[in-house]
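Worksheet for the structure shown next.
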Amino acid sequence: MSLSYLEFDYSEDAEGVGTFDALAATASAHNAAVLAEVASVLAWAHDAFEAQRAPLDDGGEWDYDLQGWREFCAVDTLHFDEHSRELSALPQAAGAARHTVSLSITGTQGFCAAFRERFHAF
């Protein structure tokens, strides 16, 4: 499967536990596509490693952390009055939301090898 929005960075600790991290920030028009990619990655992990999701310290093969948030940006129009030497700010309406999704997947060496093969994440 090719991913268009999620690009994973990989790190590994001294015990060989690997972590794939992805962060996608998009306009509202692309949020559904990002969420669909996240769903497909997690569905694959659940299918390929059925009943093995748990914290690795508790004997799990893999686990994940998923977060999402929306950010709104509001621009201020600034005006400097050269006579009074004062600056004034006129707040403008907030713009469109920017959606951000963070996905971290941690796994054993076997899980990480399968993840790399499936999603071409290196």
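Here is how the numbers come out for the structure above:
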quantity: Selected residue [within 12 Å of the chain's Cα centre (by Cα), in a strand (DSSP E or B) and free of Cβ contacts under 8 Å to residues at least 40 places away in the same chain] from L66, L103; calculated: L66
quantity: Scan of the stretch 74-100 for residues that are part of a loop (DSSP other than H, G, I, E, B) and surrounded by 10 or more Cβ atoms within 10 Å (Cβ to Cβ), ordered by number; calculated: G95, A96, A97
quantity: Subset of the stretch 5-58 [part of a loop (DSSP other than H, G, I, E, B) and under 13 Å from the mean Cα position of the chain (by Cα)]; calculated: Y5, L6, E7, F8
quantity: The listed residue being loosely packed, with under 11 Cβ neighbours inside 10 Å, of a type in the set (G, A, S) and out of contact with any strand residue (DSSP E or B) (no Cβ under 6 Å at 6 or more places or on another chain), out of A29, A33, A54; calculated: A29
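Each reported figure results from applying straightforward, stated rules to the coordinates on display, with no laboratory input. Bear in mind that the values here come from a model prediction, so they are computed numbers and not experimental data. Don't worry about glycine lacking a Cβ; one is built from the backbone with ideal geometry, like all the others, and counts go over all protein chains shown.
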